[in-house]
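Below is one structure; the comments refer to it alone.
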Amino acid sequence: MATTAASAFPDARIPYGTWGSSYFPAWQSSPLAEVNIGQFAGESMARIMSVRKVPVQHLDYLIIGSTVPWHWKFWNATLVAGCLGKRLPGFHMEQACATGLQAVVLAAAQVQGGSSDAVGVLTFDRTSDSPVGVFPERRAYRRTEVISDVWDNFGFDPSTGGSMLASAGNVARKHRIERREIDELTAYRYEQYFKGKESGFLERVAVPLDLLNVQGKPLGTIGEDTGVKRIHAGALRAMRELDSCVTSGTQTHAADGMATLLVTTAGKAKELSRRPEIAITLIAKAEVRADASCMPEAPGMAVQKLLARTGLSMADMAVVKDHNPFAVNDAVFSKTLGYDWRKMNNNGSPLVWGHPQGPTLTRVVIEALEEAVDLGGGYVLVFGCAAGDVGMAAIFKVQ
Amino acid sequence: MASVTTPSTATGDPRSAQGNSANGGAVRAMRPGTLGALGLGTVLDIFSKGRLPVRADELVDQVFGPREARGAMVISGACGVVGAGKVMQFASRLLPYGVPVIALDLPGANDGVQQQFDGLVKSFGRDTANAIMNNVIRLNYDGTSLPKELERYRPKLLLEAIPEKLELKKAHYALFRNAFPGIHIWSVTSGFPSAQLGVDIAHPSFPHQINKVFEIVEARPTPHTQLLWALGLVPMKVGDHWSFVLDVFFCGLLQATLQFCRHTNTPYWKADKYIRKLIGPNPFRAHDVIGAKGANYLTWSCLHHLGEAYGPLFTPEEALTARMRSGQAWYPPDHFRPLVNWSLDAEQEQALEAIVEGALLQMTSIVLHEQRADLPTMNAIGELCAQFSNGILARARRMGPERIAHQVGAYHRLFPAAAGTTWYPDTFMNMAEGAWTQLYVNAEHNGKAGVITISRESYNDDVDAELNRAIDWLLGQGIHRVILTGDFHLATQLVGADTLAFHPALSDEREGERISLAWSRTARRLHHDFRASVGFIHGKRCMGGMLELMMHCHQLVAVEDTLLAMPEVTIPVLPGMEGCHWPFRKADAEGRKKLLRLVLEGRPVKAADASGWLVDHAGTLENAVRTAWQVMEQDAAALKPRPFAEGPVETPDAAEAGLAPVDGPLKEARAAIARCVAEACNAPVDLALTVQARHSAAFMTGSLCRKGRLGSDYDKMMKH
Ligand SMILES: NC(=O)c1ccc[n+]([C@@H]2O[C@H](COP(=O)([O-])OP(=O)(O)OC[C@H]3O[C@@H](n4cnc5c(N)ncnc54)[C@H](O)[C@@H]3O)[C@@H](O)[C@H]2O)c1
């Protein structure tokens, strides 16, 4: 008999099919580079919910997540809710690349705590044209620091002084990962993505969105993960190494986009879902912090902790999917948990489709849940790393 | 079809008393005319008596007293949205009669009157604008006691335009009645019935400085209402019910649209586009333009009271209630101009139609059941005051009872609460009879001569069908002499073809040809089917297709200062109702040059200046009315028709006609019209029909037309 685990959020449900994301165009490659991403996210959520036949009037709370500052961010969820078409209360949260998963957990807690019946989770980011500005920094020798939000932070962990990329190289060396495996793994991830795309799977997750300019004229359609091209092991092998095992091909790329799902009471889920017979619950989550500059090994550690706490094993998982900014992440995970990396990340993963930060893990969750429904249900493991050498993991159950 | 005798009643009851024409014969009509409800008789009376039923100067004396002791009109709430507009409208119209307008408001009110001045200058020029402003006397008061000074002006008529609060209004009337016992009071209220307020209603329609329509509630016709008519305004008699007629539809449409938005998440700005295409107006934009704070309150208030009186069909949507409280506009602010576009799938499109049509028609059934107005009036209110592209009754008539029941049913499935409100499907059961068949065109006769009246400013298939029925009816009644005219009431001008009717023809040449042929054939009946026909032109202007229609009468008689024009070239389209050859067949060589200039330049000409080549006679209104009637009476002195050439006629070329050369699209459009004129005139009249139709249809599918006003209006409306 398969193991079962009780949910930490037994009253919260994710209604099947009331979700969706935008496509994630690579940074600077689409009209998304020019918009207020908070406004875009709000309007897109209304649109996606309309396509899914969910009136947003059912929502009573909104949790938004993003990591790159946007104009009028001070007004957080209320601003986005205004663009969505309902004056909802709510808040903004962020946890770097874990934002998209943590927001789901917070929404489940909001419902479980009895505070809300239907919570919108809406994560988004625009890495393109990120804000630039100055910070008065009286202790710095220049007194004032000029900042460029996205790239400054990618390149510099203030608590270690290292970059994210350096942490990947560091972990590859520590776990004696070979370049050959990394190239092979990456090529396989691309195959998985294009298989998912060709099968029509992607169309069930991502909704094309037509943008308008200020005159109300068409500005273009966000209808593809632009920038993603087929790549084979040979081409990957030929790439110059930036650090151990890390080339421009074996890491993700910055992107723009949004993703949304709902967390509700069981009753509301039945009312809103187009397949009310499907019940999706969040079982539990875990987080760890790895040693300094060891970010890619943190997710595996979080999964180990989560399995220990829930009493489940990797064998119990129907779907396994992660946020893998570096191919090294998957190789290390595979090695520490003894789990074949070929068995995970079907239909695509952030290594391939890109990384707009806030919404990345929300899209991973949506894809993982869709896949689990295709498989007839089961446990779904979603995990990923985040700035500060953090790893986060969560298990969902699809019945 | 059954006929009725007039004068008519407001409710459209066909069994009304028998009317008498000037020569003693009973007037028979297809349906009661709308003037009857105001005590103004029939249009046939106007012709047979040779004058209008009432005169403004006499009514002014009656309402405001004789010139030596003239009283004043008071408008309270004069600085508000309604008050300020009406101050301007009445000050300008009463100026010639020496009736001052007292603009009364609270001391702290925004200066709404002053803000109107620029508009006045634009419409009247600085001198007249100054004179109008001089006719406005502005008084402040504290809201509890009237200013002493007021007495000096002898107030005779109060138009109350203060906030929509029942008790406030009632206290206001008491104040005036105490001070000025005989004063006649009108409330502009959007929703409170006269029975609640204790005064008559003159409910105006936005934009207040220019919109001429007033919904009138009064027990019997009053000189005050007749004065509105005599001043060129459009009073319409309606029943004394919550929100009368206009605001049931205006507010009801917002309500239905909000339900659609709630159902599908469609943002308001986009829903406006769908409603524009489906019904005509932009409900959300309209509220923002009127001023969201005030308009949201008024719409909420109307719906709230309707909801209490009739049920949840009207209970204001939550989003409206919230915006009523906050005064927030419906469109996003400029810094949030819409970013993500919207489209509807088939299911949502059906829902849109079901919700909007279902709700509106359920509301219509209530208005019909209560006989809130005669049918043509009820239908016109949507078109004249709420931008409906087709009146709600014309829409219902096209749909038929089955489709209506289907849509209301579909609406109730989506919004079950609305099923808890009464709905009277039976009100749509007799749409093939009586006034239902003649919403826009009426016919009256006295046994010898008839009058066909058109009450829609623009021509479309509905008008065409009704006109044919009117002709058939007169012929069936043995009437062979006819005057075709505007209705002296709902249509204050005849602007031409309804360009909405041309939209399908932009991509379908056969449709263009069908319209042109069908409408021209109807027009030709005025020439062929009667022994004598007179096109009677009055009002502000007569243009395009309406002028072409009139031209088909044996004679054209016009009021001298009415403007005539063939503006097709400026759109551009080609005149499609035989304007390119018909009038040429009656004109001499000089006249044909003028006609060519008329169609190629598109500029208006005063009827007085078109005598002899376009119109047969132009004179003052009374003179023109009498001249037309002489033809009906076969008076020996009656105007004789100009000869009509059935064979080919020569046309001047553009240079001969003295046209100034132009460039660009106008040049191309002119050339196309000139070719049509040459070919159609060169053909015998029988063949000219198809020549003209083909030219007109082919032009509409071409790129020049597509890039012009018609094409871009179409694109704006259809493309999302
Ligand atoms: N806004 C519209 O388009 C519209 C259309 C038709 C009818 N109406 C009706 O017109 C009336 C006024 O509406 P509005 O939109 O013009 O409102 P508004 O708020 O623009 O104007 C009301 C005016 O009344 C003044 N006022 C308030 N109390 C007063 C008092 N006791 N005595 C004299 N003046 C007083 C205010 O200072 C203000 O200038 C309402 O009954 C409304 O239902 C409005």
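The values are calculated or read from the model by the stated rules, or taken from the named source; none is laboratory data. What you see is a predicted model; the values in this text were computed from it and never measured. Positions of Cβ are generated from backbone atoms using ideal geometry, with glycine treated the same way; all protein chains shown enter the neighbour counts. Just so you know, the surface numbers come from the protein's heavy atoms only, side chains and all, with ligands and any DNA or RNA stripped out. Shrake-Rupley method; radii C 1.70, N 1.55, O 1.52, S 1.80 Å.
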| said: Just to verify a result, which residue in region B:172-214, among those that are modelled with pLDDT of 95 or more, more than 11 Å from the ligand (Cβ to nearest atom) and of a type in the set (Val, Ile, Thr), is nearest to B:GLY71 (Cα to Cα)? | reply: B:ILE183
| request: Working carefully through the options A:ARG13, A:ARG52, find the one that is crowded, with 24+ Cβ neighbours inside 10 Å, more than 18 Å from the chain's Cα centre (by Cα) and either touching a residue at least 60 places away in the same chain (Cβ under 8 Å) or more than 14 Å from every other protein chain (Cβ to nearest Cβ) (or both). | output: A:ARG13
| message | Is it the case, given these coordinates, that B:LEU120 is part of a helix (DSSP H, G or I), over 22 Å from B:HIS184 (Cβ atoms) and within 28 Å of the chain's Cα centre (by Cα)? | response | yes
| query | Does B:LEU384 count as within 16 Å of the ligand (Cβ to nearest atom), out of contact with any Lys or Arg (no Cβ under 9 Å at 6 or more places or on another chain) and either away from every other protein chain (no Cβ under 14 Å) or under 30 Å from B:LEU35 (Cα atoms) (or both)? | reply | no
| query | Going through region B:436-454 one residue at a time, which ones are surrounded by fewer than 24 Cβ atoms within 10 Å (Cβ to Cβ) and of a type in the set (Gly, Ala, Ser)? | reply | B:GLY447
| query | So which pairs qualify, if the first residue must be in region B:321-343 and more than 7 Å from chain A (Cβ to nearest Cβ), the second must be of a type in the set (Ser, Thr, Tyr), the Cβ gap must be under 7 Å, and the two must be at least 6 apart or on different chains? | reply | B:MET324/B:TYR297; B:TRP330/B:TYR268; B:TYR331/B:TYR268
| Which members of region A:209-230 meet the condition of being open to solvent by 80 Å² or more (accessible area, probe 1.4 Å) and either of a type in the set (A, V, I, L, M, F, W, C) or in contact with a Gly (Cβ under 8 Å, 6 or more places away or on another chain) (or both)? | A:VAL214
| query | Give me the pairs: first residue in region B:112-126 and within 11 Å of B:VAL87 (Cβ to Cβ), second residue open to solvent by 90 Å² or more (accessible area, probe 1.4 Å) and modelled with pLDDT under 90, beta-carbon distance under 6 Å, and six or more apart or on different chains, which are they? | reply | none
| field | All positions within region B:96-127 that are within 16 Å of the ligand (Cβ to nearest atom), open to solvent by 30 Å² or more (accessible area, probe 1.4 Å) and at pLDDT 95 or above | value | B:LEU106
| note | Residue count, region B:304-317, condition assigned to a helix (DSSP H, G or I) and either among the polar types (S, T, N, Q) or touching a residue at least 24 places away in the same chain (Cβ under 8 Å) (or both), comes to 4
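Every residue, every condition in (1) within 19 Å of B:ASN134 (Cα to Cα); (2) within 14 Å of chain A (Cβ to nearest Cβ); (3) within 16 Å of the ligand (Cβ to nearest atom), yes or no:
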{"residue": "B:PHE47", "(1), (2), (3)": "no, no, no"}
{"residue": "B:ARG51", "(1), (2), (3)": "no, no, no"}
{"residue": "B:ALA56", "(1), (2), (3)": "no, no, no"}
{"residue": "B:ARG70", "(1), (2), (3)": "yes, no, no"}
{"residue": "B:MET73", "(1), (2), (3)": "yes, no, yes"}
{"residue": "B:SER76", "(1), (2), (3)": "yes, no, yes"}
{"residue": "B:PHE90", "(1), (2), (3)": "yes, no, yes"}
| Going through region B:188-228 one residue at a time, which ones are closer than 21 Å to B:SER123 by Cα, open to solvent by 20 Å² or more (accessible area, probe 1.4 Å) and hydrophobic (A, V, I, L, M, F, W, C)? | B:PHE206, B:ILE210
| Which one of B:PHE260, B:PHE284 is within 16 Å of the ligand (Cβ to nearest atom), over 21 Å from the mean Cα position of the chain (by Cα) and not β-branched (Val, Ile, Thr)? | B:PHE284
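Looking at B:LEU246, is it open to solvent by less than 30 Å² (accessible area, probe 1.4 Å), within 16 Å of the ligand (Cβ to nearest atom) and touching a Pro at 6+ places or on another chain (Cβ under 6 Å)?
no
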| When you look at B:LYS156, is it within 24 Å of B:ALA230 (Cβ to Cβ), basic (Lys, Arg) and touching a Pro at 6+ places or on another chain (Cβ under 9 Å), yes or no? | no
| said: Among the listed residues B:THR257, B:THR266, identify the single one that is within 11 Å of another protein chain (Cβ to nearest Cβ) and crowded, with 22+ Cβ neighbours inside 10 Å. | reply: B:THR266
| Here are some residues: B:LYS169, B:LYS156, B:LYS148. Which one is in the same structural domain as B:ARG67 (by TED's automatic domain parsing), away from the ligand (no atom under 16 Å from the Cβ), more than 22 Å from B:ASN211 (Cα to Cα) and in contact (Cβ under 8 Å) with a residue 12 or more places away in the chain? | B:LYS156
| request: Starting from residues that are farther than 27 Å from A:GLN39 by Cα and open to solvent by 30 Å² or more (accessible area, probe 1.4 Å), keep the ones in region B:348-365 and report whichever is nearest to the other protein chains (Cβ to nearest Cβ). | output: B:GLN350
| Picking from B:PRO661, B:PRO641, which residue would you name as being crowded, with 16+ Cβ neighbours inside 10 Å and in a loop (DSSP other than H, G, I, E, B)? | B:PRO641
